[in-house]
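To start, the structure itself, in structure tokens.
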Amino acid sequence: MINKIPLENILFLDLETVPQKAAFADLSQEAKELWTLKTEYRRRDEYTPEEFYDRAGIWAEFGKIICISAGFFRQEEDMTFRIRSYTGEEDQLLREFKNLLTTYFSGSRHLLCAHNGKEFDFPYLARRMIIHGIPLPAKLSFFGKKPWEIPHLDTMELWKFGDFKHYTSLKLMAHVLGIPSPKEDIDGSMVWQVYYEDNDLDRIIKYCEQDVITVAQIMLRLRNEGLLTEDEIVYV
């Protein structure tokens, strides 16, 4: 039961990813050929490989992480939700995030939580760390572990209640649970453009942090607990 898990033991997170290069033309010839093969089943005859390249951030083999936002509950005089973002060169931000995991969230009691995290965030993090030659922290190492031994929570999976074919977006889930939606000026499909064309990382950070807050709010609703107020959210 998720109600039995102390909130302080959960690290909530979200990633923002973009294609590794600003444009398809910037890829090497080999990378172009591999991208063409990788996306053939998704593109069919509707898009050329070049037209489809704006979606390359979805795949860890062709994308990269530009922001990791992480939040956790802390009981001081009152309960607060503290949130921090990691940005910069991918190698650097991955190492900084790994340091957070190994320093503060490495215990057996600690869990990672994201929306659709088991299908996207957690494996994406692990793959990009391996690509950069970064040894995986225990919380991202799945080798030799049984499914119930993997320390991950997924709010989308919790909402499925065993219905494996059911997909619910973060925005829809927040809506049906009565969680106030933040005023977002971008969505996930626009991140690559805001990053490469607008060069506005601050907008992306804000968007990523709001998603982490929403995941935490969803967890509170699933536990039938009160929602966070603005005064309880601390940016560090």
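The values are calculated or read from the model by the stated rules, or taken from the named source; none is laboratory data. The structure displayed is predicted, hence computed values, not measured ones. Glycine gets a Cβ as well: all are built from the backbone with ideal geometry, and neighbour counts include every protein chain shown. Keep in mind that these areas ignore ligands, DNA and RNA; they rest on the heavy atoms of the full protein, side chains included. Shrake-Rupley method; radii C 1.70, N 1.55, O 1.52, S 1.80 Å.
Can you give me the C-alpha center-to-center distance between the range 60-128 and the range 187-233, rounded to a whole angstrom?
Cα centroid to Cα centroid, the span is 14 Å.
Could you work out what % of the accessible surface of the range 160-236 is carbon and sulfur, using a 1.4 angstrom probe and leaving DNA, RNA and ligands out of the count? Can you show the working numbers first?
Working: 2400 of 4770 Å².
Using a 1.4 Å probe with all protein chains present, the range 160-236 comes out at 50 percent carbon and sulfur.
Please give the calculated 222 nm ellipticity per residue for the chain, where each DSSP H segment of at least 4 residues contributes -39500 (n - 2.57) and the sum is spread over every residue; nearest 500 deg cm²/dmol? Present the calculation step by step, with values, prior to reporting the outcome.
Numbers: 8 runs with 81 residues, N = 236.
Dividing the helical sum by the residues of the chain leaves -10000 deg cm²/dmol.
How much net charge surrounds A56 when only the other residues with a Cβ under 10 Å from the Cβ of A56 are counted, with Lys and Arg +1 and Asp and Glu -1?
On the way: positive: K21, K38, R55, K64; negative: D54, E61.
Residues close to A56 contribute a combined charge of +2.
Compare I213, I130, I65 in a GNM of the chain, Cα atoms joined below 10 Å, and give the one with the largest fluctuation.
In this elastic network of the chain, the residue with the biggest mean-square fluctuation among I213, I130, I65 is I130.
How do the peptides 54-63, 134-143 rank, highest first, by the average count of neighbouring beta carbon atoms within 10 Å per residue? Let's see the in-between values first.
Details: 54-63: 18.8, 134-143: 14.9.
Highest to lowest by the protection proxy: 54-63, 134-143.
Among S28, S108, S85, which one shows the biggest mean-square fluctuation in a GNM of the chain, springs joining Cα atoms closer than 10 Å?
Largest GNM mean-square fluctuation: S28.
If you add up the charges near S106, with Lys and Arg at +1 and Asp and Glu at -1, over every other residue whose beta carbon is less than 11 angstrom from its beta carbon, what do you get?
Details: positive: K98, R109, K139; negative: none.
Cβ neighbours under 11 Å give a net charge of +3.
Pairwise over distinct Cα atoms, reciprocal of the mean inverse distance: report the Kirkwood radius of the range 92-173 in Å, one decimal place.
Values: mean 1/r = 0.0725 Å⁻¹.
Roughly 13.8 Å, rounded to one decimal.
What FRET efficiency, computed as 1/(1 + (r/R0)^6) with R0 = 22 Å and r the Cβ-Cβ distance, is obtained for V236 and E149, rounded to the nearest 0.05? Spell out each step's value before the answer.
Numbers: r = 31 Å, r/R0 = 1.40.
Result of the calculation: an efficiency of 0.10.
Taking a cut-off of 17 Å between Cα atoms, list the lysines near K21, but don't count ones fewer than 8 places away on the same chain.
Answer for K21, where 17 Å is the Cα cut-off: K32, K38, K64, listed by chain and number.
Using only the alpha carbons of the chain, determine the length spanned along each of the three principal axes and report them from longest to shortest in whole angstroms.
57, 40, 37
Add +1 for every Lys or Arg and -1 for every Asp or Glu among the other residues with Cβ under 13 Å from the Cβ of R74, and state the total. Before the final figure, lay out the partial values.
Values: positive: R82, R84; negative: E8, E76, E77, D78, E232.
For residues surrounding R74, the net value is -3.
What FRET efficiency comes out for L158 versus K38 if R0 is 30 angstrom and r is the Cβ-Cβ distance? Round to the nearest 0.05.
Working: r = 31 Å, r/R0 = 1.03.
The value I calculate is 0.45.
Where is the GNM fluctuation largest for the chain (alpha-carbon springs, 10 angstrom cutoff): Q210, Q75, Q193?
Q75
Restricting the count to DSSP beta bridges whose residues both fall in the chain, what percent are antiparallel, rounded to a multiple of 5? Could the numbers behind the result be given before it?
Values: 17 of 26 bridges.
Once the DSSP bridges in the chain are tallied, antiparallel ones form about 65 percent.
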